[in-house]
Amino acid sequence: MAYTFRGGIHVEEYKNTHRCRIEALPAPEIVTIPLSQHIGAPATALVKKGDPVTVGQKIGDVTAGLGCPVHSSISGTVTDIVKKTAQNGFNVEYVVIQNDFKDTVCPDIHPVSKKLTEVTTEEVIGIVREAGISGMGGAAFPTYAKIQSALGKVDKLIVNCAECEPFITANHRLLLEQPASVINGVKILLKALGVRTAYLAVEDNKMDAIEKLEEMTEGSKMISVKVMKTKYPQGDERQLVYALTGVEIPSGKLPADVGCVIFNAETCAAVYRAFAFGMPLISRIVTVDGDCVKRPRNILAPIGTRVTDLVEFCGGLVREPKKIINGGPMMGAAQWDTEMPVTKSTSAVLLFSEGFGRKSVDTQSCIRCGKCIRNCPMHLMPMYIAQFSKIHDLKRAEEYGAMNCVECGSCSYNCPGGVEIVQHIRVAKAAIKAEKTRLASLSQPEK
Amino acid sequence: MDKKIENPSVPAETVPAAEEKSAAGTGRKIRMPEMLTVSPSPHIKTPDTTATVMFDVILALLPAFIWGVYVFGVRALAVAAVSIAACVGLEAAAQILLHRPVTIGDLSAAVTGLLLAMNLPVSVPLWMPVVGAFFAIVVVKQLFGGIGKNFVNPALAARVFLFSWASEMTAFSADGERVTSLAPVLTEGDFVASATPLASLKAGTLPSETIFDMFLGNHAGCTGEVMSLLLLAGGIFLLVQRVITWHIPVAYIGTVAALTFLFPRYSGMPIESMLYELLAGGLLLGAFFMATDYATSPVTPAGRLIFGVGCGLITVLIRYFGTYPEGVSFSILVMNLLVWYIDKATMPRRFGGKSNGK
């Protein structure tokens, strides 16, 4: 029996690229590397216009607070540092680097010389931070901070290889082609956390990867492979923890509060590379797919590669795209910029033509079929929250659990009425948060 | 929701050289567009729409309806045609007058029209389905905000509204006496009136039809309510298609079965009495097709069970103690009014939460 949870949906899988080997993209002429790629403070540029840079050289860092450094993914010259509006609506600095095609590697890069048994937890955290590793599944939380926050609290490490989003096969290919790097990364993380149990959670639509991993972990007392039912959103951390341990993470708490810490498969591989080669996180596997792409592929792309370069590597376009999505089709964000760069959390770039995957009708009216309630993995009543959000009744939206929503989009996916349920809930959540901040600032005495 | 935002990286008139390259092999130049669609996730959806759901309901209703036409004559078809045309036409008219998008394509008005026709005796004057359609679509549905916002089931509300003309609504033609006259208003000689099985039960006698006849639809009643076998088949089709869930029909029919078995009206024969109660008076039509109407039934599984039990209870109470022999329509309408409260009281336990809705 495969592990699973209650609720969720079966989505059309579109795993067109599951047989496409990971192909390394020849270093592009130009990369644009954002200095803020995740939660936390944006990095400050350490280079300026005209500076030469090498592969793996640190080009930005955070001096205080949460955040991790950013490295150059190619060697060449910094041609510009520009400010652009990023996906989150903030102005973000991008370092533009022109490739000199010499592939000079930064001289600071060297493997960790100690044996794993001799490395301390603090050293691991330091190495992971210096390598600029953040969660590569989508949420992109800085990995060193996750290790810190989990220290002493957890007894299980879960490697999230569920990959429940349609289209994406980047993790699947990684597990098939480089299982050792993932498993070695897990060993390093286990050592750092002082934990003795690790689960590799893989959905049962990747049986070949499961067999491979079972072979690799045979005889291991610490690492075991767990077969998950193929269902969306199996890769959501709350559902993953529940499916594997039977424990529900209480509202507003984190996996660490129930003794679990979760890492994405590729994050583990990145940790391994930082140890074995000293190479920081400067490239990642990206599934490039969608009905506009001529030859969908899995590409190992330098961070900062622009969409246009990825598309060219895939043989170009077969029809005009109307939507470019960073990430999976269920939770990824539509881009407005064809120059969008690959970041540390870009697991896929999807190019959809007009109307792809949409309904034929545009009217949005709830017919109260109750499907969203049946499917909600958080067991909420999405259609009610959406209605309260529409009339700006924040009190009742909160009462009905708006803040518990994980925004997986199962409700919108299955809504026959075509209501953008999850978007209405997002609006309510943002408004509730803003209202709370406002009230908090009112209660503070003025200075 | 789709919002077009001008692509800041592409100058309005020129296209960057990198994008000028032709798509290999096709010989056709396909460029990156100047404008991209920015809309919220998810970016893919099921192809199921309100129209496909409503189409399934129509498919499920059709066999029982066609049987009704076979039993009661071609006039039943005329009543349905008038009813559906009036519902669809009035919906479009109301939406145009109210400056709303016209949504007759979602087929919900057609379903209301078909259900209304199936809930009328074959001999009604042809203006009655039009009046019913007006009440259902304009008053109950559109004036309360359109699809999903109506507070009671439109077809049932219309049927009860039409009881203002009680004699027309209760003139049931006898089985085997097909009405072929399409005259707008029938005169007495056009059909032979007959007592429905429930009227017999009310009078304290067992109906003259056998239970087998009841099952096969050989008895007096409204066009769509007589053919139990095909109504069951339609209900099962809806369950299989996952248009409805089992909760309401099972709770509804189960409650009626339990009550009529424990307190049979024709005492001494509890099983027969129960079967007559289940197969007559549109209970199956109501339980599978009317009580499960999305807009007017609870959305939670527990709420649906409560709703079904409530419908069953009120149906039996009206049948036993009311002056009118049938209780299905009234029971569903009463329970419709409680849906909001039932939903709220049966809020599911949240993932990671403590108890009801917390």
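The values are calculated or read from the model by the stated rules, or taken from the named source; none is laboratory data. What you see is a predicted model; the values in this text were computed from it and never measured. Cβ coordinates were reconstructed from backbone atoms using ideal geometry, including for glycine residues, and neighbour counts include every protein chain displayed.
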**Request:** Take the residues in segment B:262-293 that are surrounded by fewer than 24 Cβ atoms within 10 Å (Cβ to Cβ) and of a type in the set (Ser, Thr, Tyr), then tell me which one is nearest to the other protein chains (Cβ to nearest Cβ).
**Result:** B:Ser273
**Message:** Given the criteria farther than 30 Å from B:Phe172 by Cα, at pLDDT below 90 and within 14 Å of another protein chain (Cβ to nearest Cβ), does B:Val15 qualify?
**Reply:** yes
**Prompt:** Mind checking which residues of segment B:164-204 are more than 30 Å from B:Tyr266 (Cα to Cα) and hydroxyl-bearing (Ser, Thr, Tyr)?
**Reply:** B:Ser164, B:Thr180, B:Ser181, B:Thr187
**Message:** I'd like the full set of residues that are basic (Lys, Arg) and either in contact with a Cys (Cβ under 9 Å, 6 or more places away or on another chain) or more than 13 Å from every other protein chain (Cβ to nearest Cβ) (or both), limited to segment A:293-314.
**Reply:** A:Lys294, A:Arg295, A:Arg297
**Prompt:** If A:Asp61 passes every condition in (1) under 25 Å from A:Ala139 (Cα atoms); (2) in contact (Cβ under 8 Å) with a residue 24 or more places away in the chain; (3) charged (D, E, K, R) but one, which one does it miss?
**Reply:** (2)
**Fill in**
Taking segment A:282-325 and keeping residues at positive phi and in contact with a helix residue (DSSP H, G or I) (Cβ under 7 Å, 6 or more places away or on another chain) leaves none
**Prompt:** If we scan segment A:175-189, do we find a residue that is surrounded by 22 or more Cβ atoms within 10 Å (Cβ to Cβ), out of contact with any Cys (no Cβ under 6 Å at 6 or more places or on another chain) and within 20 Å of A:Leu254 (Cα to Cα)?
**Reply:** yes
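Here's a check for you: in segment A:245-258, which residue that is of a type in the set (A, V, I, L, M, F, W, C) and part of a helix (DSSP H, G or I) is nearest to the other protein chains (Cβ to nearest Cβ)?
A:Val258
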**Asked** Among the residues of segment A:259-276, is any of a type in the set (Val, Ile, Thr), on the phi < 0 side of the Ramachandran plot and either in a strand (DSSP E or B) or free of Cβ contacts under 8 Å to residues at least 60 places away in the same chain (or both)?
**Response** yes
**Complete:** Of (1) free of Cβ contacts under 8 Å to residues at least 40 places away in the same chain; (2) in contact with a helix residue (DSSP H, G or I) (Cβ under 7 Å, 6 or more places away or on another chain); (3) not in a loop (DSSP other than H, G, I, E, B), B:Phe351 fails just (3)
**Prompt:** Looking only at helices (runs of 4 or more DSSP H) that fall completely inside segment A:315-430, which ones have 2 or more residues that are among the charged types (D, E, K, R) and more than 7 Å from every other protein chain (Cβ to nearest Cβ)?
**Reply:** A:371-375, A:394-399
**Message:** Please count how many residues of segment B:41-90 are outside any helix (DSSP H, G or I), touching a Ser or Thr at 6+ places or on another chain (Cβ under 6 Å) and free of Cβ contacts under 8 Å to residues at least 60 places away in the same chain.
**Reply:** 1
**Item:** Residue count for segment A:358-382, restricted to those that are within 26 Å of B:Val57 (Cβ to Cβ) and without any contact (Cβ under 8 Å) to a residue 40 or more places away in the chain
**Value:** 6
**Request:** Specify which of the listed residues (B:Thr315, B:Thr223, B:Thr245) is under 16 Å from the mean Cα position of the chain (by Cα), of a type in the set (S, T, N, Q), under 27 Å from B:Ile58 (Cβ atoms) and buried (at least 21 other Cβ atoms within 10 Å of the Cβ).
**Result:** B:Thr223
**Complete:** Flagged in segment A:66-116 as closer than 24 Å to A:Ala145 by Cβ, over 25 Å from the mean Cα position of the chain (by Cα) and without any contact (Cβ under 8 Å) to a residue 12 or more places away in the chain, in numbering order, are A:Lys114
**Fill in**
Selection over segment B:205-256 where residues are of a type outside the set (Phe, Trp, Tyr), under 16 Å from B:Ala287 (Cβ atoms) and outside any helix (DSSP H, G or I) yields a count of 9
